[in-house]
Amino acid sequence: MTDEYSSSTEPPASGVFASYFRTTRTATWGFLMALPLLLLYEIGIVWVNRGAAAEVRIIADIWLKDLIPSFGLAHELILFGVVLVVGALIVAIERKKKVTFHSKYPGFIILESTVYAILFAFITSGFTQWLMSPMMFAQEVHNESNLVMELVLSLGAGLYEELFFRVLLVGGLAFVLRLAFPKAKVLMYILAAVVGAIAFSAIHHFGNMGDPWELGVFVYRAIGGLIFNAVFLIRGFAVVAWAHAIYDVMVFTGFFSMLQGV
């Protein structure tokens with residue numbers, strides 16, 4: 001396999017970054033970068049749930065899979081087959097966009113996503129501190145005995161929550177609003193991002209597994225949802241999914257606590 005393949009001509013070395021920012025926001029790269037998260041999460045969730053009386057999964061994962069009829073043990077294989085078929089259709093449809101494939105792009109995406117994850121933590125906490133008095137933060141519960149479970153769920157959150165909230169909710173809402181108000185596209189993107197952020201935060205407090213209501217936690221997640229929405233609309237699914245997953249991993253491994261102690 002060559003270092004780089006493009007459906008058109010290979011960009012010169014000086015144009016790698018320009019091509020990177022254009023092409024990695026496509027649905028094709030969103031699909032390609034979602035595959036590692038999907039495999040790691042699905043394999044990991046089976047491993048950590050072995051022998052458990054009740055299986056633990058990301059709630060957005062359950063919502064999305066409830067859309068597909070259950071076929072017993074073959075359910076996951078059928079779902080994976082559906083994912084591959086949809087991915088193949090996405091790649092075929094976007095061929096006209098001259099999507100570039102470069103061996104460095106996955107590394108660039110993970111590096112870019114890591115930067116956004118760190119910035120996300122400080123910006124979200126900073127705005128929460130500014131809006132709320134006294135300072136209130138959304139603290140994740142860290143349980144060292146279940147660290148592997150938390151890491152696996154972090155990967156699932158990056159994949160399934162971003163797919164549900166960013167692609168289906170924000171992307172779908174932005175599409176409908178743009179059709180209704182074609183002369184105000186930017187405003188419609190902003191409106192979709194704000195509505196999606198509020199929904200993203202609010203839904204964490206509903207249901208039996210929802211968090212207790214706390215204004216500071218709601219504000220923190222709403223601001224965070226708005227930032228993720230902006231990243232999705234500007235940089236696409238690949239970057240926002242990995243940024244979300246990496247942020248959650250950093251939270252559960254105590255990375256931000258270590259930074260605060262420096």
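The values are calculated or read from the model by the stated rules, or taken from the named source; none is laboratory data. All values derive from a computational prediction rather than experimental measurement. Here the Cβ is made from the backbone with ideal geometry for all residues, glycine too, and neighbour counts use every protein chain on show.
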**Study point:** VAL186 modelled with pLDDT under 90, over 15 Å from ARG166 (Cα atoms) and in a helix (DSSP H, G or I)
**Key:** no
Practice item. Answer yes or no: is there a residue in region 181-191 that is touching a Leu at 6+ places or on another chain (Cβ under 8 Å), within 30 Å of PHE17 (Cβ to Cβ) and surrounded by fewer than 22 Cβ atoms within 10 Å (Cβ to Cβ). Key: yes
Practice item. May I ask you to list the residues in region 22-58 that are modelled with pLDDT under 90, surrounded by 14 or more Cβ atoms within 10 Å (Cβ to Cβ) and of a type outside the set (A, V, I, L, M)? Key: ARG22, GLU42, ASN49, ARG57
Practice item. Return the pairs, sorted by first residue and then second, in which the second residue is modelled with pLDDT under 85 and among the acidic types (Asp, Glu), the first residue lies in region 90-111 and is on the phi < 0 side of the Ramachandran plot, the beta carbons are less than 6 Å apart, and the residues are 6+ apart or on different chains. Key: HIS102/GLU4; SER103/ASP3
Point to revise | Conditions (1) within 21 Å of the chain's Cα centre (by Cα); (2) modelled with pLDDT under 85; (3) of a type in the set (Ser, Thr, Tyr); number of the one not met by SER70 | key: (1)
Exercise for review: For region 217-237, state whether one or more residues are outside any helix (DSSP H, G or I), in contact with a Gly (Cβ under 9 Å, 6 or more places away or on another chain), of a type in the set (Gly, Ala, Ser) and at pLDDT 90 or above.
Suggested key: yes
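Considering each of SER14, SER8 in turn, give the residue that is part of a helix (DSSP H, G or I), modelled with pLDDT under 65 and hydroxyl-bearing (Ser, Thr, Tyr).
Result of the check over SER14, SER8: SER14.
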Practice item. Go through (1) surrounded by 18 or more Cβ atoms within 10 Å (Cβ to Cβ); (2) at pLDDT below 95; (3) closer than 20 Å to ILE110 by Cα one by one and return the number of the condition TRP242 breaks. Key: (2)
Revision key, fill the gap. Residue pairs qualifying under the 6 Å Cβ cut-off, at least six apart or on distinct chains, with the first in region 31-46 being under 17 Å from VAL167 (Cβ atoms) and the second being surrounded by fewer than 19 Cβ atoms within 10 Å (Cβ to Cβ), are PHE31/GLY87; PHE31/ILE90
Point to revise | Within region 101-160, considering residues that are among the charged types (D, E, K, R) and within 18 Å of the chain's Cα centre (by Cα), the one modelled with the lowest pLDDT | key: GLU140
Point to revise | Flag if ARG178 is among the basic types (Lys, Arg), modelled with pLDDT of 90 or more and surrounded by 20 or more Cβ atoms within 10 Å (Cβ to Cβ) | key: no
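Given the criterion basic (Lys, Arg), modelled with pLDDT under 80 and either surrounded by 14 or more Cβ atoms within 10 Å (Cβ to Cβ) or closer than 14 Å to ALA238 by Cα (or both), identify the matching residue among LYS65, LYS96.
Step by step, each of LYS65, LYS96 is checked, and only LYS65 is basic (Lys, Arg), modelled with pLDDT under 80 and either surrounded by 14 or more Cβ atoms within 10 Å (Cβ to Cβ) or closer than 14 Å to ALA238 by Cα (or both).
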Check your understanding: So which residues in region 25-55 are touching a helix residue (DSSP H, G or I) at 6+ places or on another chain (Cβ under 7 Å) and either of a type in the set (Asp, Glu) or not in a helix (DSSP H, G or I) (or both)?
Key -> ARG25, THR26, GLU42
